Amino acid sequence: MTVTRRGFIQTTGGLILAFYVPRAARAAPPPPAPAKPPAPPPNAFLRIGTDDSVTVVLAHSEMGQGIWTGLAMLIAEELECDWTKVRSEHAPANVALYASPRMPVQMTGGSSSINGEFDRYRTVGASAKDMLVRAAAARWKVTPATCRAENGVVISGTKRLRFGELADEAMKLTPPANVKLKSPKEWKLIGTKVRRLDSLEKITGAATFGIDVKIPNLRTAVIARPPSFGATLVDFDATAALRVPGVEKVVPSGTGVAVVAKHFWAAKLGRDALVVRWREPEPAFDSSKYAAELRALATKPGTIVADVGKAEEALASAKTKLEAVYELPYLAHAPMEPLNCTAKIDGDRCEIWTGTQFQSVDQQAAAQLLGTTPEKVTLHTTFLGGGFGRRANPKSDFVSEAVIVAKNAGVPVKVVWTREDDIRGGYYRPMYAHRVRVAVDASGSPTAWDHVVAGQSILAGTPFEKFAVKDGVDHSSIEGLADSPYLSKVPARRVSLHSPKTPVPVLWWRSVGNTHTAFAMESMIDELAHAAGKDPLAYRLALLADAPRPAAALRLAAEKAGWSTPPPAGHARGLAVHESFGSIVAEVAEVSVEGRRIRVHSVTCAVDCGTAVNPLGIEAQVQSSVAYGLTAALHGKLTMTSGKVDQSNFHDYPPLRMFEMPRIDVHLIASGAKMGGIGEPATAPIAPAVANAVFALTKRRLRTLPLELA
Amino acid sequence: MKIVVNGAEHEVEADADMPLLWVLRDLLGLVGTKYGCGMAQCGACTVHLEGNPIRSCVTPVGTIGKRAVTTIEGLSPDGSHTVQRAWNEADVVQCGYCQSGQIMTAAALLSKKREPTDAEIDAAMSGNVCRCGTYQRVREAIHLAARMQRSSGGK
């Protein structure tokens with residue numbers, strides 16, 4: 001099936017959105033291999049100033065993961081420019097130019113920016129260098145072969161011209177049809193530790209996030225939102241709100257009511273004074289009842305994902321088996337910068353400023369709302385104060401409401417979410433239950449494995465359902481499980497999935513399906529190891545005998561963590577390994593327990609992402625992912641009672657704080673395998689590594705997240 | 001009312017109850033100080049009041065009086081404060097949203113404790129939340145800034 005970019009632009013959802021396409025995905029077949037992609041137009045991706053500055057245009061959003069620097073390195077390596085003159089900026093929303101090489105959507109996610117752009121961005125740099133050399137050669141009337149580019153200068157013999165002197169004419173030349181990229185041996189920048197290009201502005205407070213945007217005539221709006229998922233607006237009384245100094249208007253926002261004011265504080269006080277009546281859905285959603293429903297669903301097989309051998313029979317006749325139920329709660333993303341979006345409407349044109357991971361989807365949504373075309377919607381991407389998947393919403397929630405409010409208010413408006421709005425605003429990592437039954441032989445190795453997953457589909461009900469949900473199976477619900485190397489060795493195995501629907505909107509959360517599949521897999525493997533009286537490392541290595549990369553990662557993490565030497569008194573270690581988004585991460589967590597508090601002292605990580613572009617950035621992302629996953633392992637839990645989310649801010653939805661941060665050591669494996677991603681893969685293994693360490697220490701097996709010692 | 005921010009006196013039209021955070025951001029246009037929670041739980045709004053770190057999101061502007069307020073913009077004109085230079089050297093930032101608050105808290109700590117221990121750093125900094133997990137490099141940068149301070153004679 002071929003789908004053209006134009007076809008995608010015309011219909012909202014016509015393409016596979018497979019953020020990561022694993023080797024053996026039954027549910028979501030890989031997109032058809034594209035014909036050789038057209039050469040990227042260098043002028044769309046970089047500008048060279050007369051002052052020799054090199055501005056890299058990013059087709060992806062900087063949300064902390066470091067692509068502001070990493071993608072620039074790819075261009076700079078081939079361009080041979082002066083690295084001190086390089087800076088980055090976000091591309092405008094333009095799917096024709098800036099769609100990801102993997103899919104015709106301008107997006108950031110799936111840990112795919114650097115590995116997905118590895119060829120395109122280097123090609124841009126090499127093409128531009130070729131054009132600069134040709135321009136110099138033409139001026140000097142020599143052949144390009146006698147010229148070379150070095151540190152921002154084109155040289156031939158004693159002749160020299162700076163890039164800045166050549167750029168105007170060079171960038172008008174026809175880009176080369178083919179360029180030769182450097183071999184890894186020739187790399188001077190790629191593979192080295194490079195400090196971030198966005199540090200100075202973030203250190204001085206000069207960096208502009210979406211919430212900081214200022215344009216003339218701008219108002220700020222705070223929205224009264226449905227108090228429970230599915231609640232609908234009945235009516236509202238704006239009298240008191242309009243009396244608050246600074247409040248100018250009260251207008252519908254789509255699902256709620258927006259108070260539009262001169263500035264945030266007035267808007268917030270105005271919202272406090274608003275009287276709104278809602279119709280609440282019946283029955284009211286209750287998360288503990290839902291948890292029981294998930295457990296009940298998981299007692300029977302669901303839609304089959306994989307079925308090899310006769311697992312049910314093998315389990316029925318097995319002498320020794322283990323059974324466990326693992327449960328995970330709803331999680332909010334809680335980026336430090338609450339959601340926000342600025343919209344300005346001028347007739348059939350619209351201008352938007354926001355931190356988004358989903359430029360073309362948002363642009364499309366705005367165009368549809370206004371009855372105009374995407375070309376008339378200009379979307380500026382600011383820095384994102386954290387994304388983690390929340391800012392990639394197929395429903396374009398925070399952009400759509402800003403467009404609606406701006407339209408209704410007749411003035412440019414910045415809609416700002418409070419932290420309460422964010423924690424209570426939905427689009428959570430779904431709640432899941434896994435029921436796992438494993439039969440083992442005399443040596444404790446698994447001979448039959450039945451694995452039932454129950455949890456809401458993220459992609460059902462979105463334009464991407466057609467392509468990521470196949471035969472009732474949302475691939476993102478079983479990634480990391482269906483393709484687990486442990487399972488491939490078990491002769492009788494069955495994986496199945498229940499996908500109940502709830503009124504709670506759900507979304508991908510850093511590492512998506514791996515957040516729960518890694519916990520279930522690496523906990524059960526650990527339970528099997530202990531049941532067999534075997535060392536958890538040795539047990540895993542035996543099962544991974546035919547999977548050299550995860551085995552190598554485990555060995556390295558264990559070695560660096562001192563696995564074979566006893567930990568300090570009162571400490572114990574646990575380990576886990578998991579592959580996701582093309583990379584393999586093994587983690588050894590060392591913990592102690594003080595009363596009911598689990599203290600994680602250190603996490604030793606071995607990372608195989610194939611090839612490293614910026615090891616300094618990779619280390620940061622591994623630390624970031626472990627900390628993010630550790631918040632979920634130790635604290636993260638949202639509950640709903642009578643339809644309403646019980647938590648609201650950081651006092652009852654606590655993030656990891658500095659005093660809880662373990663020492664995280666990162667060791668890279670230069671496997672030379674195909675480059676994988678690093679924004680997410682280290683998130684998934686930390687919860688099982690810690691749970692496994694807690695078991696080693698206390699002999700108590702914790703199968704529910706967050707981990708709590710009663 | 002008049003308030004003094006980063007060494008300059010400003011006349012602002014604000015209710016005495018309006019949090020200093022929003023006076024800074026929306027009335028004075030100083031957006032380096034950030035909103036993260038509005039209830040003093042996250043530290044993104046940290047500024048100095050006469051050199052001491054305060055949570056501007058819960059500090060009514062009417063309580064400030066003539067006391068000097070310093071925001072991230074006032075820490076140095078160009079990122080040259082020791083803490084800022086250490087932050088750059090240690091490559092601390094990721095998304096950057098919490099970093100103004102982190103830096104203001106760290107600068108206040110180092111003005112009072114020249115060589116803080118890890119435990120003292122944790123105690124001072126654990127009110128500053130970072131969802132990107134930069135804590136390890138924050139700690140390293142504070143130690144580095146302490147060393148830089150020592151070798152430059154304490155500035």
>> Can you list the residues in region B:85-127 whose accessible area drops by at least 50 Å² when all protein chains are present, compared with the chain alone? Use a 1.4 Å probe, heavy atoms only.
In response: B:Asn88, B:Asp91, B:Val93, B:Gln94, B:Cys95, B:Tyr97, B:Ser126
> Using a 1.4 angstrom probe on protein heavy atoms only, which residues from region A:199-218 are buried by at least 20 Å² of accessible area when all chains are present rather than their own chain alone?
Replying inline: A:Ser199, A:Leu200, A:Lys202, A:Ile203, A:Thr204, A:Gly205, A:Phe209, A:Ile211, A:Asp212, A:Lys214
>> If you take every residue apart from A:Thr204 with its C-beta less than 12 Å away from the C-beta of A:Thr204, what net charge results, scoring Lys and Arg +1 and Asp and Glu -1?
In response: -2
>> Using a probe radius of 1.4 Å on heavy atoms only, what accessible surface per residue do you get for chain A? Whole Å² is fine.
In response: 37 Å²
> Percent of accessible area on region A:375-425 owned by carbon and sulfur, 1.4 Å probe?
Replying inline: 47 percent
>> Could you give the length gained by full extension between A:Asp546 and A:Arg195, i.e. 0.36 nm per residue of separation minus their alpha carbon distance, to one decimal place?
In response: 122.6 nm
> Rule-of-thumb check for region A:289-445: C-alpha Rg over 2.2 N^0.38 Å?
Replying inline: 1.57
>> Quick check: net charge around A:Glu150, other residues with Cβ under 12 Å of its Cβ, Lys/Arg +1 and Asp/Glu -1?
In response: +3
> Where in region B:1-69 are there GluC sites (Glu not before Pro) that are in a DSSP coil and have at most 15 other Cβ atoms within 10 angstrom of their Cβ?
Replying inline: B:Glu13, B:Glu50
> Please report, for the Cα atoms of region A:182-316, the Rg to one decimal and the Dmax as a whole number; what are they, in angstrom?
Replying inline: 26.9, 72
> In sequence order, what are the phi-derived ³J(HN,Hα) couplings for region B:133-144 according to the Karplus relation 6.51 cos²θ - 1.76 cosθ + 1.60 with θ = phi - 60°, rounded to whole Hz, with x for glycine and proline?
Replying inline: x, 7, 3, 5, 6, 4, 4, 4, 5, 5, 4, 5
> Where in region A:554-579 does the amide nitrogen come within less than 12 Å of the point 7 Å from the Cα of A:Arg599, taken along Cα to Cβ?
Replying inline: A:569-572
>> Over region A:588-710, what portion of Cα pair distances is larger than 26 Å, expressed as a whole percent?
In response: 29 percent
> Over region A:53-126, what per residue volume does the convex hull of the Cα atoms give, in whole Å³?
Replying inline: 80 Å³
> How many angstrom lie between the C-alpha centres of region A:309-377 and region A:114-154?
Replying inline: 40 Å
>> With θ taken as phi - 60° and the coefficients 6.51, -1.76 and 1.60, list the Karplus ³J(HN,Hα) couplings across region A:536-542 in order, rounded to whole Hz; mark glycine and proline as x.
In response: x, 6, 4, 4, 5, 4, 5
> Can you pull the percent of region A:437-527's accessible area that's carbon plus sulfur, 1.4 Å probe, other chains left in place?
Replying inline: 55 percent
> Based on the Kirkwood radius over alpha-carbon pairs, what value in µm²/s does the Stokes-Einstein equation return for the translational diffusion coefficient of chain A at 20 °C and 1.002 mPa s?
Replying inline: 80 µm²/s
> Using alpha carbon centroids, what distance separates region B:1-51 and region A:540-598, in Å?
Replying inline: 46 Å
> For all pairs of alpha-carbon atoms in region A:410-558, what percent lies in each bin of width 5 Å, listed from the first bin to the last filled one?
Replying inline: 2, 8, 16, 18, 15, 12, 10, 8, 5, 3, 2, 1, 1, 0, 0
> For the pair B:Lys2 and A:Thr239, what calculated FRET efficiency results from E = 1/(1 + (r/R0)^6), where r is the Cβ-Cβ distance and R0 = 30 Å, to the nearest 0.05?
Replying inline: 0.30
> How much net charge surrounds A:Ala551 when only other residues with a Cβ under 11 Å from its Cβ are counted (Lys, Arg +1; Asp, Glu -1)?
Replying inline: +1
>> Please list 3J(HN,Hα) in residue order for region A:41-56, calculated via the Karplus relation 6.51 cos²θ - 1.76 cosθ + 1.60 where θ = phi - 60°; whole Hz, with x for glycine and proline.
In response: x, x, 5, 7, 10, 7, 10, 10, x, 5, 8, 6, 5, 10, 9, 8
> At each listed q (0.22, 0.29 Å⁻¹), what is the log10 of I(q)/I(0) that the Debye formula gives for region A:82-121 modelled as equal alpha-carbon point scatterers?
Replying inline: -0.79, -1.08
> Taking both sides together, what accessible area is buried at the A/B interface, probe 1.4 Å, expressed in Å² and rounded to the nearest 100?
Replying inline: 4500 Å²
> Once the Cα gyration tensor of region B:60-155 is diagonalised, what are the square roots of 5 times its eigenvalues, in whole Å and ordered largest first, as equivalent ellipsoid semi-axes?
Replying inline: 21, 17, 14
> Amide H to amide H under 5 Å from A:Ile664: which residues, 5+ apart in sequence or cross-chain, H placed 1.01 Å off N in plane?
Replying inline: A:Val603
> Between A:Lys644 and A:Lys182, what FRET efficiency follows from the Cβ-Cβ distance if R0 is 45 Å, with the result rounded to 0.05?
Replying inline: 0.20
> When all C-alpha to C-alpha distances in region B:1-140 are sorted into bins of 10 Å, what percent of pairs does each bin hold, rounded to whole numbers?
Replying inline: 12, 45, 32, 10, 0
> Once you put a point 7 Å from the Cα of A:Ala39 and another 7 Å from the Cα of A:Glu89, both along the Cβ direction, what distance in nm separates them?
Replying inline: 2.5 nm
>> How large is the Rg to Rh ratio of region A:127-263 when both quantities use alpha carbon positions and Rh follows Kirkwood?
In response: 1.33
> In whole Å, how far is the Cα centre of region A:463-514 from that of region A:204-242?
Replying inline: 35 Å
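The values are calculated or read from the model by the stated rules, or taken from the named source; none is laboratory data. Owing to the predicted nature of the structure, the values given are computational and were not obtained by experimental measurement. FYI the Cβ positions are ideal-geometry reconstructions off the backbone, even for glycines, and counts take in every protein chain you see. Remember, those area values only see protein heavy atoms, side chains included, never the ligands or the DNA or RNA. Shrake-Rupley method; radii C 1.70, N 1.55, O 1.52, S 1.80 Å.
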